Structures are given as C-alpha cells and as structure tokens.
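Presented below is the structure to which this report refers.
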Amino acid sequence: MISTGRLVVLEVSLLWKRYVRNVVSPAARVLRPTLWLLQAFAVVNCLAIGYFLEPILRIFLPQCDGVSLVEAHLGQVFLAFCVLRLFLEKPPSLIVRPMLVLPVAKTMIIGLHGIRMSLTAIPLGLLLGGVAFWYRSILSSSTVTGSSFWLVGFVALHHLFVVLGIPLRLLASDFSRAVAVSSVILVLTLVVPTMDMLGTASQQLAVLFFRLRHGDAIALAICGLALFGSIPGVAFLVKGSLNIDTH
Amino acid sequence: MHIEIAELSKEYGGRRVLNVDRLSFHATEIVGLVGNNGAGKTTLLRLMLDLVRATSGEVRSNDRVVSRSEEWKEYTGAYLGESFLIDYLKPREFFEFVAEVRGVDGTELARGLNRYSGFLEGTGLDTRAPLIRGLSEGNRQKIGIIAALLGDPRTVILDEPFANLDPTSQYLLKSLLREYCLRTRSLIVLSSHNLVHVADLCSRVMLLEGGKIIRDDSLLGREEEVLSSLERYFASPLPPP
C-alpha cells in the first residue's frame, strides 16, 4: 500500500490540477464567474459601507442604522454564496471512485476526502471571515474566540451546504435549469429588498452570525447546530465514498 | 492466484439481483461473463472488488476475504467504466498517478506504455495532449484499460472492455489481453456483450441470467461449439427464473 505521506502529496497535486483546470459542470462554468463577481461585489460593498458610508451616515443621518444595513447585506451575500457553491461540487463518490480500484486503504480514502472537503472550505471561510474583519465598525472589538466561532460556523455550514447540494444538483443537472435557478437566487438575494422572505431569512442569519462574535448562547447554539448538522453530512460523504452502489 | 466465491448474494430493495452458490477463478484463466442487461455481470464484478456490500456470502481473493482485507488491492487491477478515470488529468498524468500509487517506477511505466503504444494510438501521451475528459469515449476506455494493467497485477477485472472501441482497437485489445495473460500468468475476468470476442479470447465463459450463473463452460478447443450454443440461447432466451 502507498504511504500516507506520499498519497497526501499526490492528493494535493490532484487538487491543484483540479482547481486550475476548473473541473466543473457546464452549468458551473456560468456560475463560477458569477460567484467571483459576487465575491468582489461583497468585498467592495463591505469596504465601502464600512469605511465610507457608515461613518458618513453616522455624521449626516445619525438615525440610520448602518450596522443593520451591513448585517443584512452580509447575510444576503453569504446566502447567495453558499447556494451558488452547491452547483460547483461534484458528488463525493465521483471524486473518490478512481481511488477505490487502486491499492489505497479505505481509511485513507476517507481521511483524504475529509482533507479535500476542508481545503475547499478554507477559501470560503477566509473570504467571509476576511470580509467580516475588514468591516471595522462591526468587528473592531471582536475577540479571538468570537472570530473562531465565525470561521468554525462557516466551515461547518459549508459542509452542510455541500451535502444539501447533491440532491439539488440532481434537480438542476440540466444546464438551462441550473442557470435559471441561479438567476432566480441572485435576483432574490441581491435585488429584492429584505422584506421578502428570503431577505428576512438571510437578515436573521446575518444577525445570528453577528452575535457569534459575542460568544453568547445563540452564537453557541448556531455553531452547535451547524456542526451537528454536518454530522449526517459527513456520514453521508463517508458512505458515498465507500459505497458506489448505483444499481 | 485464485478467487473463490461462496453463497454470494446481493439484493436491492428486497429484489435479489445476484445469487451465486459457489464459484472459483484461477490464474491463467481468461473468464468471460456474458448475459443480457440486468443479468448481474457488473454486480458480480463490483462485489469481487468490494465496491458494494454483499447481502450474504463472501468473495475471497487468494484466501483473503475482500470485504475484510485490503492486501488483495495490491495485485488487482480493474476498470469498470469512465467514472473510474480522473478526467481532469492528461492521459500521461493519469498513468503516472496510477503508477505512483501502485509503486511502479518511471522506467517500468515507460516500458509498460511502450508495450501498449499500439493500442494507445490516438489517446495522446505527450504534454500537449488534451485532458482525458476531452477524449472520445473509445480513447477514454483505452486509458482506463491500460491503467488497470500497469504494474502487471495478477488479477485483472474489466467491465465491458470492448465497448466504445473501434474495430481495430477491439482486435488489438484481444491480442493484448491474451499476451498479458500468458506473460504474467494472471487471471482476467471480463464481462462483454460481444459473444464473438468472448469466444475468441476467453478460456472459460459464464452465462448469467436473472442473477444466476446458468452455464459455466470451458472454451478450450470448443470455441465454435460454445459460440453456436450461446448464439442459439440469446436468439431465443429462456424466460427469466
């Protein structure tokens, strides 16, 4: 059997090739640029609001709640980001399948899959964490513990979303349907004001995540739920990794 | 090198799709599994590779139960379809990956690829070659088959190896597998819908129907007879049990 170290090196090399060669479905070829635009949009907006708009609003329109504005905005961006990511993930069994007929131990296949999933989660965590940290008026007083809750919560939620994405991907496996679904999501999250249901939900999500920095009970509950929610997801991934039964 | 199967069954949703009482495969055999769609050929191959869990029974490879051991993977090569390829690699990169995992060094890999260069014609082995996903189905099939043979595993399992191949490649594959079996004294188990190729290549043929092996014939010196018999069977198959 190949050594763990050597396999990890091979795996990293595969991940890199997969990344640079943009291994995505035809639908995701459209969605991926949208995702990057969304990220850029989020960063620019949060910087603009954090550094310019909110201080200006505080001076000229003190009655306007700039913090709530950003909370809602971050929530929308986060939701859109996660939903769009659903289409970019391959079902886990497809990724691990070539390994199943090679002399690689099952435990290593599972372990590598965990690493692979974590690696894909890191950019998401960094982006959202980075955006949050940049927004000085919200997080300037955050503690390391509070910030950790943010990142852990995002990574755990990411896993959850990826798992949820598998059946959703099947629903939107057709190119045109995927584009239609993503367009609707984009419109709902970015154009429709927060009074609609999705906006309200995302706003609530943002508020809850905002509370994470304080490490209060709700923040802990959300982190716990996210982690708990990812357990069946991880179990599903493991099952998917080992059982490619498609009869 | 031998594989033993005992009391093996597989059910999906309460429906039994495979039921094999006792079966054994031995080194130097080329075994062909034939049968209509849904007969259980691929399920049997998957169970032999521990890709699905048996409802009951077990498969032993060199006396090791495949579902409880992993040593057998070191001397087993398999190709069951293009989902077992890494399609974002170039053909050579994929071969290098497989060679690395199998512990095949660069010289041996080059020798192996050179040996199969005729069969790999058209797949592109240089650095400017397209990614595997950009190749035709036939060329992807060739890459998967050759990857399964890298490192000269003593057991080779192939699902529908002739599918998608052009006629020339089909004939090349037959001589390649025949030569491989003689050179390495290995066991090759393959499934196919092509009775002529099976009769021409295999030393033993098994006919599956409704998840059961209903015939197990040696082909040595009886190719014409067995082929005629199989053709008669498929021309007017028995009702499923």
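A few points about this structure:
- The residue of the stretch B:110-147 that is modelled with the lowest pLDDT, among those that are in a helix (DSSP H, G or I) and exposed (fewer than 14 other Cβ atoms within 10 Å of the Cβ), is B:Gly134.
- Verdict on B:Thr107 being more than 7 Å from every other protein chain (Cβ to nearest Cβ), at pLDDT 90 or above and within 30 Å of B:Met1 (Cβ to Cβ): yes
- Checking the stated criteria, B:Asp21 turns out not to satisfy the condition of being more than 19 Å from the chain's Cα centre (by Cα), surrounded by fewer than 22 Cβ atoms within 10 Å (Cβ to Cβ), facing chain A (nearest Cβ under 10 Å) and on the phi < 0 side of the Ramachandran plot.
- From B:Gly13, B:Gly40, residue being farther than 22 Å from A:Leu102 by Cβ, free of Cβ contacts under 8 Å to residues at least 40 places away in the same chain and more than 13 Å from the chain's Cα centre (by Cα): B:Gly13
- Residue in the stretch B:5-13 that is within 11 Å of another protein chain (Cβ to nearest Cβ), among the polar types (S, T, N, Q) and surrounded by 15 or more Cβ atoms within 10 Å (Cβ to Cβ) present: no
- Residue satisfying all of: in the stretch B:42-80; more than 9 Å from chain A (Cβ to nearest Cβ) and touching a His at 6+ places or on another chain (Cβ under 9 Å); surrounded by the fewest Cβ atoms within 10 Å (Cβ to Cβ) among these: B:Asp63
- Residues in the stretch B:81-104 that are among the aromatic types (Phe, Trp, Tyr) and either more than 10 Å from chain A (Cβ to nearest Cβ) or in a helix (DSSP H, G or I) (or both): B:Phe84, B:Phe94, B:Phe95, B:Phe97.
The values are calculated or read from the model by the stated rules, or taken from the named source; none is laboratory data. Keep in mind that this is a model prediction, so the values were computed, not measured. Because the Cβ atoms are built from the backbone with ideal geometry, glycine has one as well, and the counts that use them run over all protein chains shown.
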